[in-house]
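The values are calculated or read from the model by the stated rules, or taken from the named source; none is laboratory data. Just so it is clear, the structure is predicted and the values come from calculations on it, not from any experiment. Positions of Cβ are generated from backbone atoms using ideal geometry, with glycine treated the same way; all protein chains shown enter the neighbour counts. For accessibility, only protein heavy atoms count, side chains too; no ligands or nucleic acids. Shrake-Rupley method; radii C 1.70, N 1.55, O 1.52, S 1.80 Å.
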Amino acid sequence: MAKLPGLNIEMGLDHTNVTKSMKSLKSEISLVNSEMRKNMSAFDYSERSAQKYQTRLDGLEKKLKIQGEVVKNAKKNLSDMSEEFGENSEQAKKAERQLNNAEAQYNNLERSVDKAKLQLEEFNKEQDISENKWTQ
């Protein structure tokens, strides 16, 4: 708060919405994780099927979408903290660490989605070859 004779300027940001949003998204990721575990438990550990690969891919894509929202909120939080407390403040540094962690998780999920897509494509190619009358 800056005080000038005869003038009071107060600047404050409402961080409760950002905090609630982040908690909500983390809860949503947790729900998707449990949903994915439930869906994957229907398959035998060694089973290879297009449905199994597609189920895994669908779950990962849901997580990726939610993690994208986490990154978006973390960027906003960093911006808000930098504005309110200054770029080199402890609050801004903490928000930056949170953003870096969120982006790292997003990048890891992105790689997992790409890997799952590749596995599904390879499985489908194998199925096409094995079902082709020429190869039988």
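Full extension of the chain between Asp44 and Phe123 gives 26.8 nm of extra length, using 0.36 nm per residue less the Cα-Cα distance. Qualifying chymotrypsin sites (Phe, Trp or Tyr not before Pro) in region 34-136, where qualification requires a DSSP coil assignment and no more than 11 other C-beta atoms within 10 Å, comprise Tyr45, Trp134.
Note on region 42-136: dipole from Cβ charges, positive end direction compared against Val113, Ala95, Phe85; the farthest Cα belongs to Val113.
If we count every other residue with Cβ under 12 angstrom of Lys117's Cβ, Lys/Arg +1 and Asp/Glu -1, where does the sum land? So the environment of Lys117 carries a net charge of -3.
In the chain, the DSSP-assigned H stretches of four residues or longer account for a calculated mean residue ellipticity at 222 nm of -28000 deg cm²/dmol, using -39500 (n - 2.57) per stretch and the full residue count as denominator. Note that the chain presents 73 Å² accessible area per residue, ligands and nucleic acids not counted, probe 1.4 Å. Around Phe43, with a cut-off of 12 angstrom between Cβ atoms, what is the net charge of the other residues, counting Lys and Arg +1 and Asp and Glu -1? Residues near Phe43 contribute +3 overall. Taking the Cα centre of the chain as reference, the dipole from Cβ charges on Lys and Arg (+1) and Asp and Glu (-1) amounts to some 260 debye. The charge dipole of region 59-133, taken about its Cα centre with unit charges on the Cβ atoms of Lys, Arg (+1), Asp and Glu (-1) only, comes to about 140 debye.
Going through the cross-link list Lys63/Lys125; Lys75/Lys115; Lys26/Lys72; Lys52/Lys72, which pairs have a Cα-Cα distance over 19 Å in this structure? In this structure, Lys63/Lys125; Lys75/Lys115; Lys52/Lys72 lie more than 19 Å apart at Cα. Expressed as a whole percent, the accessible surface of the chain that belongs to carbon and sulfur atoms is 49, based on a 1.4 Å probe.
Orientation-averaged projection of the chain equals 11.0 nm² [convex hull of Cα atoms, one quarter of hull surface area].
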